[in-house]
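Here the structure comes first, spelled out in structure tokens, and everything after it is commentary.
The values are calculated or read from the model by the stated rules, or taken from the named source; none is laboratory data. This is a predicted model, so every value here is computed, not measured. As a convention, Cβ positions derive from the backbone with ideal geometry for all residues, glycine included, and neighbour counts pool all protein chains shown.
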Amino acid sequence: MSNHIKRLAAPRMWIIPRKEYPFAPKPSPGPHPAERSLPLLIVLRDILKLGQNKREIKKIVSSRVVKVDGKVVTDIKFPIGFMDVITIDTLNQSYRALYDVSGKLRIVEIPEDHAEWKLVRIDNKTAVKGGKIQLNLHDGRNIVLEENKYKSSDVLKIKVPSQEIIAHYPLAKGSVAMIIGGKHRGKVLHVKEYVVVRGPQENIVRFEEGVETTRNNVFVLGVGKPEVVIPEVSAL
């Protein structure tokens with residue numbers, strides 16, 4: 001299997017020059033699907049400009065100064081996806097991966113205290129041994145709880161890397177959400193109605209702004225106002 005892809009065929013959410021070089025690295029298998037993530041090499045070299053080539057980035061990563069969600073990462077192709085927090089210890093700088101209004105995955109610099117947490121969506125739930133509930137989250141992680149008090153598609157604010165839950169944002173009227181799939185990806189809208197559809201079809205979310213989409217494309221950012229910094233033109 002090839003470990004690279006043609007730049008012209010790379011996902012449209014990648015912010016890379018398409019015609020300057022023929023190939024780009026492919027993300028390693030990991031917590032995010034390849035079509036919704038950037039390899040760490042592109043983030044550090046092409047976006048943050050921390051090195052001029054693969055060799056320099058590999059040296060930086062091998063020195064164990066790069067963390068993703070509070071854990072050291074040494075794979076230069078580690079997949080960076082929506083809401084991931086990247087920290088460069090030697091620079092004392094942290095960044096969060098977010099979509100901008102054009103649907104591109106941007107790397108946004110965040111304050112030091114914001115690097116201690118992230119938002120995660122509950123994709124589904126599983127009953128496990130002992131009557132406990134396992135929450136399966138959008139970034140591949142799992143949290144096991146004693147009580148079944150959260151719903152699928154709700155969003156949790158957790159500390160990283162400990163995974164301690166510090167806040168809960170339901171997918172309900174009044175919530176602020178970002179569209180993370182489809183032609184409206186990157187738009188921040190206000191939830192008007194959550195419609196449960198009988199049958200095999202996905203449930204529908206309608207917004208005050210006149211947009212509607214399936215629940216899989218919706219990621220709650222908070223109630224009343226977003227908990228994260230929305231990417232502006234200055235985002236990387």
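Select from the stretch 48-76 the residues that are under 17 Å from the mean Cα position of the chain (by Cα) and surrounded by fewer than 21 Cβ atoms within 10 Å (Cβ to Cβ) and list them in ascending order.
Correct list: 67, 70, 71, 73.
Just to check your reading of the model, which residue among 176, 144 is modelled with pLDDT of 95 or more, of a type in the set (A, V, I, L, M, F, W, C), under 18 Å from the mean Cα position of the chain (by Cα) and part of a strand (DSSP E or B)?
The conditions single out 176.
Are any residues in the stretch 215-232 at positive phi and outside any strand (DSSP E or B), and if so, which ones?
224
Within the set of pairs 6+ apart or on separate chains, which have a first residue in the stretch 134-149 that is farther than 14 Å from residue 168 by Cα, a second that is among the β-branched types (Val, Ile, Thr) and surrounded by fewer than 14 Cβ atoms within 10 Å (Cβ to Cβ), and C-beta atoms under 6 Å apart?
134/126; 134/128; 134/144
Given the criterion of a type in the set (A, V, I, L, M, F, W, C), within 23 Å of residue 85 (Cβ to Cβ), modelled with pLDDT of 90 or more and crowded, with 16+ Cβ neighbours inside 10 Å, identify the matching residue among 218, 205.
It is 218.
Out of the stretch 161-214, which residues are in contact with a His (Cβ under 9 Å, 6 or more places away or on another chain) and at positive phi?
174
Kindly indicate whether residue 100 is out of contact with any His (no Cβ under 9 Å at 6 or more places or on another chain), over 19 Å from residue 123 (Cβ atoms) and touching a residue at least 60 places away in the same chain (Cβ under 8 Å).
Yes.
State yes or no: is residue 31 farther than 21 Å from residue 103 by Cα, in contact (Cβ under 8 Å) with a residue 12 or more places away in the chain and outside the structural domain of residue 138 (by TED's automatic domain parsing)?
So residue 31 does not fit the description; no.
Given the criterion out of contact with any Leu (no Cβ under 9 Å at 6 or more places or on another chain), over 27 Å from residue 209 (Cβ atoms) and modelled with pLDDT of 95 or more, identify the matching residue among 116, 112.
116
When the stretch 150-166 is examined, which residues are found to be of a type outside the set (S, T, N, Q) and in contact (Cβ under 8 Å) with a residue 24 or more places away in the chain?
150, 151, 154, 155, 156, 157, 158, 159, 160, 161, 166
Touching a strand residue (DSSP E or B) at 6+ places or on another chain (Cβ under 9 Å) and without any contact (Cβ under 8 Å) to a residue 12 or more places away in the chain: which single residue out of 64, 36 fits that description?
Just a single option satisfies the conditions, and that option is 64.
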